[in-house]
Amino acid sequence: MIFFYLLQKIKPLIFLPRFFYLLLWLSFSSFVYGQQTEIVDFISVKAVVRPLIKEKKVIATTSYTFKILKKCDSVYLDAQGVFLLKNIKNRKIAIHLNNNKIWLVSKFKPTQTYTVSFEYEVSPKKALYFLDHQIWTQGQGKYTSNWFPSIDDMNDKIEFDLSYIIPSDKSIVANGKLVAVTDTGAFKKWSFDMKQPMSSYLLSFAVGDFSKKKITSSSNVAIELYYSSTDSLLVEPTYRYSKIIFDFLENEIGVNYPWQNYKQVPLKDFLYAGMENTSATFFSDAFIVDSIGFIDRNYVNVNAHELAHQWFGNLVTETSGQSHWLHEGFASYYALLTEKEIFGEDYYYWKLFQSAEQLKLLSEQGKGESLNNPNASSLTFYEKGAWALHVLREKVGDSVFKKAINNYIEKHRYKNVTTDDFIIEVEQAYGKKLHEFKKDWILQSAFKSEQAYQSLIKSNFINEYFKISALRGTPIQLKIAELEKALVFPDDFIGQEIVYQLKNEPLYLTLPLYKKAFDSNNIFVRQSIALSMDKIPKELKSYYESLLMDSSYLTQESALGNLWVNFPENQSRYLDEMEGVIGFRDKNIRQFWLFLALITEDYQTARKDIFVKELIEYTAPSYGYNTREKALRYIGNLNLWDEDSLLHLIDASQHHYWRFRDFSRNLLKGLLENENYQKQFLLIEHQLDVDSLIFLKRMLNEK
Ligand SMILES: [Zn+2]
């Protein structure tokens, strides 16, 4: 899995849009539910699952096969939430529900295999989400057993062969190979087969209006790239490098891709950046981009990260949260290697440097965490984990490292592992013990910044960057020559660093440097001007105006805003120039344009009503939460609330994605403090469904 805020991109962190900063993750442990794995091994399950869209329910018929390992009189399946069991027809096994488990009761004998079947109904509170046009699941961190009785513990791997009955006009992506689609009138039954077992947190399906593009890896694995039919022109930039990524990782890891096929599907309002469900990666549709958007924000890192999990996590799985870095550290490291292949070595070192800075800071604050701390933050699991592998590889060399990885996977495929299982394989391939490495990188909570530094300065680029960044405290007069020299064909990151150092310095000294930076035509260097310069000097006006044409939606949005503020006399011209530009999936530029058009005096006065309508439209549930949040902000800023936007705000305040929900709730609370709005809410009450009405009453009482 990967969280939005972990995604560092081509540019320094400070330039990342806010949208990428999400929570620090609540770490989860798979160990909560005890040691049942010593008593029973659930082997396989066959089921027919019917999601009821209108009722937001799941009805299913299931049949589990399990082997008893120790004599006992009961075993259980996890079933969190209110399950209703129906039609239980097992002669020898009694079934009942208790304490979020379905208990199977009988005089079980060791080494015997049993089968139990039942039907159930559940209205999932989480782990399965019903949206207007999509249904999708998220097992990790939420527990699959909220919609499908299964094993919350990662240590029992099951072969899942599931069929789904869904409306005929929808399609579905799920684990395994699609083996049959049978028509039953208004519905179709889609049957999937898996050949190998996996942990329950990886069970998944997504229903929607999907089209797909098929490609094949060099090793002949069928890969399906899903998209909405309205996004057909965005398939290439969104999925750019997908085949290269697949071929690279298969080669680099040195073990054939272990599942029957590979699917990737972008989902609306997904909870994370991506999730590596076995053979079916789900990711946020915020990554659907055109070729300009690709430059600012692309799917490459998440694409590689989730694919790497198909080996590290899905095939070879942690025993407990103590070895969680065997999932996330590995996926992050292999994603980094993939980016090195695509974007080059400087990029690789830049990202290592960025994460080292964060880890060093954490460590210096006394908050460093060891890799085997099950409650560590994701910075530790992901970035320190990746660093540990980078350092380990430098120490043992490429061929030993690859051999160890190979042995580790082959030995533990479809099983569970601890950190020691991995270290043992490296020690064997290396021929020496790795006590020191283990102490420094696995057990120690502090980050070994000196070791990291020594590794970083092996990169010429990092050395050059350090030279320039060391000038931060130097008076501008004394460094002009050096900065000017470095601005000839500047590197992305070094160029940005230079632009930074020009901020707030006297213009008569910095003017030629700014001009040089503009003329470099480096999109990221120019972007750093767009993002760091608030007051635009007249001498740079035409240079700055040229930013509106840059192939970056971040640059364009920022430049439009700054030009509008700095040169009121040209506001209409800037707006005319940018009319019709949409921007990212959240329509960042279009929405900003509407906002500016509405507050610009005498600009398209006759169309202002239409602009307001358009902004209000973007608050509707049919749009993604990023789009809605932006629109709600603008509506709030301009106080444009009407019936529709208030209804949309109430809907947003109950959204499944907590960050958007909290944002909307705060906005709603603010409005409810105002008597006029209280009256307005009373007027729209009759349009609310029961849940929303109860919610609104509660909010009114709370205020
Ligand atoms: Zn991950």
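Summary table
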read-out: Sites matching GluC sites (Glu not before Pro) across segment 627-703 that sit in DSSP coil, with at most 11 neighbouring C-beta atoms within 10 Å; value: GLU673
read-out: Positive-end residue, the chain charge dipole about Cα centroid, Cβ charges, pick of GLY139, GLY274, THR62; value: THR62
read-out: Efficiency of FRET between GLU617 and HIS435 - r from beta-carbon atoms, R0 56 angstrom, step 0.05; value: 0.35
read-out: Sum of -39500 (n - 2.57) over DSSP H runs of 4+, divided by residues of the chain (222 nm, nearest 500); value: -12500 deg cm²/dmol
read-out: Using θ = phi - 60° and Karplus 6.51 cos²θ - 1.76 cosθ + 1.60, couplings along segment 356-363 (whole Hz; Gly, Pro as x); value: 4, 4, 5, 5, 5, 4, 4, 5
read-out: Residue order, fewest to most beta carbons within 10 Å, for LEU700, LEU560; value: LEU700, LEU560
read-out: In degrees, nearest ten, helix 385-396 long axis to first principal axis of the chain (Cα); value: 90 degrees
read-out: Within segment 185-223, trypsin sites (Lys or Arg not before Pro) in DSSP loop having at most 12 other beta-carbon neighbours inside 10 Å; value: LYS195
read-out: Net length gained if the chain between LYS56 and ILE88 were fully extended (0.36 nm per residue, minus Cα distance); value: 9.2 nm
read-out: Unit charges on C-beta of K, R, D, E only; dipole of the chain, Debye; value: 2000 debye
read-out: Label point distance in nm, HIS686-LEU507, each placed 7 Å from Cα along Cα→Cβ; value: 6.1 nm
read-out: Straight-distance crosslink candidates among aspartates and glutamates, where the alpha carbon sits under 18 Å from LYS177 and sequence neighbours closer than 8 are dropped; value: GLU159, ASP161, ASP193, GLU224, GLU276
read-out: Loop-located trypsin sites (Lys or Arg not before Pro) in segment 473-519 whose Cβ has at most 16 other Cβ within 10 Å (DSSP); value: LYS503
read-out: Three-way shape call for segment 162-232 based on the alpha-carbon gyration tensor, with the a/c threshold at 1.5; value: oblate
read-out: Packing-based exposure ordering (other Cβ within 10 Å, fewest first) of ARG297, ARG628; value: ARG297, ARG628
read-out: Environment charge at SER291 (Cβ cut-off 15 Å; Lys +1, Arg +1, Asp -1, Glu -1); value: -2
read-out: Cα centroid separation - segment 200-231 against segment 369-396, whole Å; value: 31 Å
read-out: Cut-off 11 Å, label 7 Å out along Cα→Cβ of ASN460, residues of segment 486-517 by amide N; value: none
read-out: Net charge of Cβ neighbours under 10 Å - reference HIS327; Lys, Arg +1; Asp, Glu -1; value: -3
read-out: Global form of segment 215-358, assessed from the alpha-carbon gyration tensor, a/c cut-off 1.5; value: rounded
read-out: Amide hydrogen neighbours beyond the local backbone of MET198, cut-off 5 Å, H modeled; value: ILE158, GLU159, PHE160
read-out: Local net charge near LEU97, Cβ-Cβ under 15 Å (Lys/Arg +1, Asp/Glu -1); value: -1
read-out: Dipole axis of the chain (+1 Lys, Arg; -1 Asp, Glu on Cβ), positive-most option in ALA186, TYR430, GLN36; value: GLN36
read-out: Calculated from backbone phi, Karplus (6.51, -1.76, 1.60) coupling profile of segment 102-108 in Hz, x at Gly/Pro; value: 9, 8, 10, 10, 5, 8, 6
read-out: Computed over segment 382-506: relative contact order in percent, which uses C-alpha pairs under 8 Å that are six or more apart; value: 19 percent
read-out: Helix 419-430 axis, angle to the chain major axis (alpha carbon atoms, nearest 10°); value: 80 degrees
read-out: Unit charges on C-beta of K, R, D, E only; dipole of segment 38-95, Debye; value: 340 debye
read-out: Dipole magnitude of segment 36-250 about its Cα centre (Cβ charges: Lys, Arg +1; Asp, Glu -1), debye to nearest 20; value: 660 debye
read-out: Nitroxide proxy distance, nm - points 7 Å out along Cα→Cβ at PHE187 and GLU569; value: 7.0 nm
read-out: Beta bridge orientation in the chain: antiparallel %, DSSP, nearest 5; value: 80 percent
read-out: The chain - Debye-derived log10 I(q)/I(0), Cα point model, q = 0.06, 0.07, 0.11 Å⁻¹; value: -0.40, -0.55, -1.28
read-out: Cα-only Debye scattering, segment 628-703: base-10 log of I(q)/I(0) at q = 0.16, 0.27 Å⁻¹; value: -0.51, -1.58
read-out: Förster radius 25 Å - calculated FRET efficiency between LYS538 and ALA481 (Cβ-Cβ, nearest 0.05); value: 0.45
read-out: Order of THR182, THR600, THR419 - criterion: other Cβ atoms within 10 Å of each residue's Cβ, fewest first; value: THR182, THR600, THR419
read-out: Calculated from backbone phi, Karplus (6.51, -1.76, 1.60) coupling profile of segment 398-405 in Hz, x at Gly/Pro; value: 4, 6, 5, 4, 5, 5, 5, 4
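Where a number appears in this text, it was derived from the coordinates with a stated rule and is not lab data. It should be emphasised that the depicted structure is a prediction, and the values quoted were computed from it without experimental measurement. Because the Cβ atoms are built from the backbone with ideal geometry, glycine has one as well, and the counts that use them run over all protein chains shown.
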